[in-house]
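Q: My questions will all concern the structure given below.
The values are calculated or read from the model by the stated rules, or taken from the named source; none is laboratory data. What you are looking at is a predicted structure, and each value in this text was computed from that prediction instead of being measured. No Cβ is skipped: glycine too gets one built from the backbone with ideal geometry, and neighbour counts run over all protein chains shown.
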Amino acid sequence: MRRTLVIGLILWRGGLLLAGATLLFEAVRWVLRFIDLPAQIEIGLGCLLAGMALVLLSVILERIQDYRAEGRLRE
């Protein structure tokens with residue numbers, strides 16, 4: 001692939017991910033306004049969800065690296 005195409009795809013996917021994360025964040029904040037939770041619980045739940053997402057991402061990346069090391073995936 002050409003370098004400009006790869007950069008364009010990275011920017012497009014990154015922008016889409018950022019927009020989606022922002023929309024999800026704002027939707028959750030809007031819902032939490034009606035529940036009236038303390039700020040500490042909101043922050044704790046946010047950290048919990050972010051940690052779970054990072055663990056899932058690391059497991060996926062590890063599986064991809066293992067498959068590549070075994071020669072099962074082709075680029």
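Q: If the Cβ limit is 9 Å and pairs must be 6+ apart or interchain, which residue in the stretch 19-36 that is not assigned by TED's automatic domain parsing to the domain that holds residue 47 and aromatic (Phe, Trp, Tyr) pairs with which residue that is at pLDDT below 90 and exposed (fewer than 11 other Cβ atoms within 10 Å of the Cβ)?
A: Within 9 Å, no pair qualifies.
Q: If you take the residues of the stretch 34-75 that are of a type in the set (Lys, Arg) and surrounded by 10 or more Cβ atoms within 10 Å (Cβ to Cβ), which of them is nearest to residue 24 (Cα to Cα)? Talk me through it step by step, then tell me what you get.
A: Here is the first cut: in the stretch 34-75, the residues of a type in the set (Lys, Arg) are 63, 68, 72, 74.
Okay, now just the ones that are also surrounded by 10 or more Cβ atoms within 10 Å (Cβ to Cβ), so 63, 68.
Values: 63: 27, 68: 33 Å.
For the stretch 34-75, the residue satisfying everything is 63.
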